[in-house]
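Enquirer: Sharing a structure with you now.
Each reported figure results from applying straightforward, stated rules to the coordinates on display, with no laboratory input. Being a predicted model, the structure only gives us computed values, none of them experimental. No Cβ is skipped: glycine too gets one built from the backbone with ideal geometry, and neighbour counts run over all protein chains shown.
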Amino acid sequence: MKRLMTLAAAAVFAVTLQAADHVVVQKDKAFHPNHIKAKVGDRIIFKNDDGFAHNAFSDSEIAEFDIGMQKPGQDVVVEMKKPGKVEVECAIHPNMHLTIEVEK
Ligand SMILES: [Cu+2]
């Protein structure tokens, strides 16, 4: 029984060390917030809160991605795998900009 308790404590500890999630809402043709700080391993969750499609892509060397056509109400998760600055835009609305600073 004592051994089980130790295992349970270890599991809780592992959870607290897990990467963080950062929610970015796409609303009124803008990313909210439009500047975030994250750490390597963190996840960015894009939530489309508008009534039309959005997109998010980055040509940044450290995190190249393109989530494609993101429907209203859809969530898309992107993991930050390397440290550096990531500039994100929406391919449908060129005025939408997001900067993610990823630290080690
Ligand atoms: Cu958009």
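Enquirer: Return the percentage of antiparallel bridges among DSSP beta bridges fully within segment 20-103, rounded to the nearest 5 %. Each step should come with its number before you reach the end.
Expert: Values: 18 of 29 bridges.
Among the beta bridges of segment 20-103, antiparallel pairing accounts for roughly 60 percent.
Enquirer: A further question follows. Over 21 Å between Cα atoms: which of 27/85; 37/85; 37/81 fall into that group?
Expert: In this structure, 27/85 lie more than 21 Å apart at Cα.
Enquirer: If you don't mind, another one. Rounded, prolate or oblate: which one fits segment 37-76, using the alpha carbon gyration tensor with axes a ≥ b ≥ c (rounded when a/c is under 1.5, else prolate when a/b beats b/c, else oblate)?
Expert: Judged from the Cα gyration tensor, segment 37-76 comes out oblate (a/c at least 1.5, b/c at or above a/b).
Enquirer: Still on this structure: List the residues, sorted by chain then number, that are 5 or more residues from residue 30 or on another chain and whose placed amide H is less than 5 Å from its amide H.
Expert: Placed amide hydrogens put nothing under 5 Å from residue 30.
Enquirer: Now, a different point. Within a Cβ distance under 13 Å of residue 38, other residues only, what is the Lys/Arg minus Asp/Glu net charge?
Expert: Once positives and negatives cancel, what remains is +2.
Enquirer: Would you mind calculating the gained length between residue 59 and residue 101 on full extension (0.36 nm times residue separation, minus the Cα-Cα distance), in nm to one decimal? Don't skip to the answer; put the middle values down first.
Expert: Details: separation 42, 0.36 × 42 = 15.12 nm, distance 1.46 nm.
So the extension gain works out to 13.7 nm.
Enquirer: Quick one: net charge of residue 60's neighbours, Cβ under 13 Å, K/R +1, D/E -1?
Expert: Result for the local shell: -4.
Enquirer: Here's a follow-up. Summing Lys, Arg as +1 and Asp, Glu as -1, what charge do residues with Cβ under 12 Å from the Cβ of residue 26 carry, residue 26 excluded?
Expert: Numbers: positive: 27, 29, 47, 71; negative: 28, 49, 50, 75, 89.
Counting the neighbours of residue 26, the net charge comes to -1.
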